[in-house]
Amino acid sequence: MEEKVVLEAIHLKKVYNYATPNAFEALHDINFQVKEGEFVGIMGPSGSGKSTFINNISTIDECTEGRVLINGKNVRTMSANDIGHFRYQNLGFIFQDFNLLDTHTMYENIAMPLALAHVSKAEIDTRVKQLAEELQITQLLHKYPHECSGGQRQRGAICRALINHPRIIVADEPTGNLDSVNSSELLKLLQEMNQKNGVTIVMVTHDPLIASFSSRLVYIKDGNIETILEKGDLDQDAYFNKIVELNSKESREILTH
C-alpha cells in the first residue's frame, strides 16, 4: 500500500519585502513531501532558510508563491479562523524557548489548546493528567514555569503540543535550551512517539547528534534543498557519521567560496 503524504510543499517560494527594492528571496521554488510516520530532520548553515522553511510548511508563516498541503488541504486557501481550527486538529508545535506563559500554571499552559477549542472541563482534566503522568510531570502541574527546570518546562511544552493528539509535530531547535541529559531524554521521547504511535515529526536542528534520531535528513543551503540523506538500514552511529560528513563537506565548500 502506498504511503500517505501528510505534508507537501509545491513550488514553494518565500520573498521578504516583496515588490520593494529590498526584496530578498529566502526560499527558491522548493518541492518537498513528508509521508505519514516519518521523522524528518532539517539542517543547514545559519541563514540558509531552514526556519523560514519549517514556518512556511506548518502554517506559522505564509509563502509568497506555491502551495502547502497538509493532509491534502491547501492551507493558503483557508481563512484565518479555518487555519486556527485546522492547526488545532492536525499540528503540535515544540519551540526552543518553550513559549509557556509565566502567568499561568503548567496545568493551565498544557490545557490551553483544549480550552480554546471549547473542550469540556472534565475532558481537559482527564487528558492533562493522563499526559502529565506519561511524561512524568504530574508533580509540576500546579507550579509556574519559572519554578521549573529547563527540562521540566520542555516536557510541559511537549505535553501542550500533544494534548490535542496531533498527527504531525513541528519542532524548531527543541533542544536548544537544554543540557545534554535533557536533550537526550527529549529525543528519545520524540523517537518513541514516532516509532510506537506513528506520529509524524519534522524537526529543525543544527546538531548532527540530534539529527541522527531522524529517519531522513533534509539539508537546506541558500534557500534550496541541497541534499537529502536517508537513514535506511543504517544504525544510528553510521547515520550520525554520514550526517557529520555531510556537514563537514558543506562547511568546507562555504569556506572555499
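The values are calculated or read from the model by the stated rules, or taken from the named source; none is laboratory data. As the structure is a prediction and not an experimental result, all values here were calculated from the model. Virtual Cβ from ideal backbone geometry, glycine too; neighbours counted across all protein chains shown. Just so you know, the surface numbers come from the protein's heavy atoms only, side chains and all, with ligands and any DNA or RNA stripped out. Shrake-Rupley method; radii C 1.70, N 1.55, O 1.52, S 1.80 Å.
Shape verdict for the range 71-124, please, from the Cα gyration tensor: rounded (a/c under 1.5), prolate (a/b greater than b/c) or oblate. Kindly include the intermediate steps, with their values, before the conclusion.
Working: a/c = 2.58, a/b = 1.54, b/c = 1.67.
Taking the square roots of the gyration eigenvalues as a ≥ b ≥ c, the range 71-124 is oblate.
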With everything on Cα atoms, drop me the angle between helix 180-197 and the longest principal axis of the chain, reported from 0 to 90° to the nearest 10. 90
Under 1.5 on a/c is rounded, so check that first for the range 1-105, then, if it is not, pick prolate when a/b is larger than b/c and oblate when it is not; a ≥ b ≥ c are the square roots of the alpha carbon gyration tensor eigenvalues. rounded
Rounded tilt (10° steps) of 236-256 against the dominant C-alpha axis of the chain: 50
Per the 1/(1 + (r/R0)^6) rule, R0 = 35 Å and r from the Cβ atoms of Ile10 and His142, FRET efficiency to 0.05 is 0.15
Give the relative contact order (percent, whole number) for the chain; include only Cα pairs under 8 Å separated by 6+ residues. 26
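With runs of 4+ DSSP H residues as the only contributors, calculate the mean residue ellipticity of the chain at 222 nm using -39,500 (n - 2.57) per run, divided by the residue total and rounded to the nearest 500. Don't skip to the end; give the middle numbers.
Numbers: 8 runs with 100 residues, N = 257.
So the calculated ellipticity at 222 nm is -12000 deg cm²/dmol.
Specify whether the C-alpha gyration tensor of the range 108-204 places it in the rounded, prolate or oblate class, a ≥ b ≥ c being the square roots of the eigenvalues: rounded for a/c under 1.5, otherwise prolate if a/b is larger than b/c and oblate if not. List each step's numbers first, then the result.
On the way: a/c = 1.83, a/b = 1.23, b/c = 1.49.
In terms of gyration-tensor shape, oblate.
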Leu189 accessible area, assembled protein chains, probe 1.4 Å, Å²: 30
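At a Förster radius of 45 Å, what calculated FRET efficiency corresponds to the Cβ-Cβ distance of Glu133 and Lys249, to the nearest 0.05?
Working: r = 45 Å, r/R0 = 1.00.
Result of the calculation: an efficiency of 0.50.
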From the Cα centre of the range 7-59 to that of the range 179-257, the distance in Å is 17
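How much length is gained if the chain between His104 and Arg76 is pulled fully straight, taking 0.36 nm per residue apart and subtracting their Cα-Cα distance, in nm to one decimal?
Working: separation 28, 0.36 × 28 = 10.08 nm, distance 3.27 nm.
Between His104 and Arg76, full extension yields an extra 6.8 nm.
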In the chain, with Lys and Arg counted as +1 and Asp and Glu as -1 at Cβ, which of these residues, Asn56, Ser120, Val170, has the Cα nearest the positive end of the dipole, that is, farthest along it? Ser120
FRET efficiency for Gln195 and Asn31, Cβ-Cβ distance as r, R0 = 35 Å, nearest 0.05? 0.80
Determine the percent antiparallel among the DSSP beta bridges restricted to the chain, to the nearest 5. 55
Mean projection area, nm², convex hull over Cα of the range 175-257: 6.3
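Hey, got the dipole for the chain? About the Cα centre, +1 on K and R Cβ, -1 on D and E Cβ, debye to the nearest 20? Don't jump to the answer; show the numbers that get you there.
Details: 25 positive and 34 negative charges, 95 e Å.
My answer is approximately 460 debye.
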Cα-based Rg/(2.2 N^0.38 Å) for the chain, rounded to two decimals, is 1.03
Using Cα atoms only, what is the angle between the long axis of helix 80-90 and the major principal axis of the chain, expressed in degrees (0 to 90) to the nearest 10? 80
Separation in nanometres of the label points that stand 7 Å from Cα toward Cβ, at Glu230 and Asp125: 5.0
How many percent of DSSP beta bridges within the range 95-245 run antiparallel, rounded to 5? 50
